[in-house]
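To start, the structure itself, in structure tokens.
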Amino acid sequence: MTEPLIFADRSPCTDLPYLFAGQAQKEPTVNEALARIDALLSRSVEGESGSPPPDPVDGECWIVGTGASGPWDGHEGDLAFFTAGAWLFASPQPGWQVYDRAAGLQRTWIDGWRAPTLPGEPAGGTTIDVEARAAIAALIEEFRSAAIGA
């Protein structure tokens, strides 16, 4: 017979709380897990800030920026999401992606939140290939419209 799995108190990737047999008041644990799942599945943020907004609404999510203060102190780089009148935090894992609404682009966690920077359109030179420049400009615009880079 297989041995039963022994779980830690929280999941390793998303820090979801686990339930245990005989646990009293399971509702707070389940509700925290559901709030974390809700925030982490949507993967979009309002933007990046070092301090929380003055009047957050439930479901609001932010990237905690440098110089974090107040309830965000010590959570730089984390995702902060507001639920049930409190801020919860998730430490990003390599490869996590979010859509940054303020910047209008995708950001990826690779030792910090990063977004690709698109090249500028070609300019100058002694030989100008108008068709090539138009093609490059169209590619850059396609990347922008797909929220890839700024």
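The values are calculated or read from the model by the stated rules, or taken from the named source; none is laboratory data. The shown structure was predicted, so the numbers you read here are calculated from the model rather than taken from an experiment. Here the Cβ positions follow ideal geometry from the backbone for every residue, glycine too, while neighbour counts run over all protein chains shown.
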When residues of segment 58-75 are limited to those that are over 12 Å from the mean Cα position of the chain (by Cα) and in contact (Cβ under 8 Å) with a residue 24 or more places away in the chain, the one nearest to Thr14 (Cα to Cα)
Gly59
Is it fair to say Ala115 is hydrophobic (A, V, I, L, M, F, W, C) and without any contact (Cβ under 8 Å) to a residue 40 or more places away in the chain?
yes
In segment 106-150, which residue that is of a type in the set (D, E, K, R) and not in a loop (DSSP other than H, G, I, E, B) is surrounded by the most Cβ atoms within 10 Å (Cβ to Cβ)?
Arg107
For segment 62-96, which positions are surrounded by 12 or more Cβ atoms within 10 Å (Cβ to Cβ) and assigned to a strand (DSSP E or B)?
Trp62, Ile63, Val64, Leu79, Ala80, Phe81, Phe82, Thr83, Trp87, Leu88, Phe89, Ala90
The correct count of residues that are of a type in the set (Phe, Trp, Tyr) and touching a Cys at 6+ places or on another chain (Cβ under 9 Å) in segment 77-113 is 2
Residue list for segment 27-57, filter: farther than 17 Å from Arg114 by Cα, at pLDDT below 95 and under 16 Å from the mean Cα position of the chain (by Cα):
Ala35, Arg36, Ile37, Asp38, Ala39, Leu40, Leu41, Ser42
Give segment 10-43 a look and list any residue that's aliphatic (A, V, I, L, M), within 25 Å of Ala102 (Cβ to Cβ) and without any contact (Cβ under 8 Å) to a residue 24 or more places away in the chain, or say none.
Ile37, Leu41
